[in-house]
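Only one structure is covered here, and it is reproduced in the block below.
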Amino acid sequence: MQVKYTVLSLLIVVSSSLSCLCSCEIETHSNGRLDGFWKLNSIDTLSTDRTADTSSSRIFWAVQANLLKTIDYDSGNTALLMRFNHNGDSLTLHSPVIDKKSITDVEIADKPLEDPSLLFPYGIQSLNEQFKVLLLNQDKMILESKTLRLHFVKF
């Protein structure tokens, strides 16, 4: 009789544990090679065929989950957060906000960005920017918008 209750108790514990494991859903995002810390090395202006060398600056795009964060460690520009969609050879950036950790004015933190000029130092020209992914591997990324071509290296 004691063995019967022990086995029954064990089955209940195992069943409850499996039920808990199955009910938990962990959300993951796989951006493949896009994930990571990218240093902006140069910006080509397509209309003039001129290149701005940014390799000595510390301008970065950080990509994780469904967020992109822009950071300029040299000029002290405000860091920005934005959502993105990455499908094959297309990358769309949208919904930028000011990263509240990079400013002291709490009133403007996490509000939608209205001034696209804050995006310009990062090679982004509009609040909703569409890029064609020309190259994306473990070391390099090249993105092209209507007006610019951005060259990154993985950091």
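The values are calculated or read from the model by the stated rules, or taken from the named source; none is laboratory data. This is a predicted model, so every value here is computed, not measured. Neighbour counts run over all protein chains shown; Cβ positions are idealised from the backbone, glycine included. For accessibility, only protein heavy atoms count, side chains too; no ligands or nucleic acids. Shrake-Rupley method; radii C 1.70, N 1.55, O 1.52, S 1.80 Å.
A quick yes/no check of all residues on (1) open to solvent by 40 Å² or more (accessible area, probe 1.4 Å); (2) closer than 21 Å to LYS154 by Cα:
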site: TRP38; (1), (2): no, yes
site: SER57; (1), (2): no, yes
site: PHE120; (1), (2): yes, yes
site: GLN125; (1), (2): yes, no
May I ask you to verify whether LEU81 is in a strand (DSSP E or B), open to solvent by less than 60 Å² (accessible area, probe 1.4 Å), free of Cβ contacts under 8 Å to residues at least 24 places away in the same chain and hydrophobic (A, V, I, L, M, F, W, C)?
yes
Are any residues in the range 34-78 on the phi > 0 side of the Ramachandran plot, in a loop (DSSP other than H, G, I, E, B) and small (Gly, Ala, Ser), and if so, which ones?
ALA65, GLY76
Count of the range 131-148 residues which are open to solvent by 50 Å² or more (accessible area, probe 1.4 Å) and over 20 Å from THR51 (Cα atoms)
2
So is PRO112 out of contact with any Pro (no Cβ under 7 Å at 6 or more places or on another chain), modelled with pLDDT under 95 and surrounded by 14 or more Cβ atoms within 10 Å (Cβ to Cβ) or not?
no
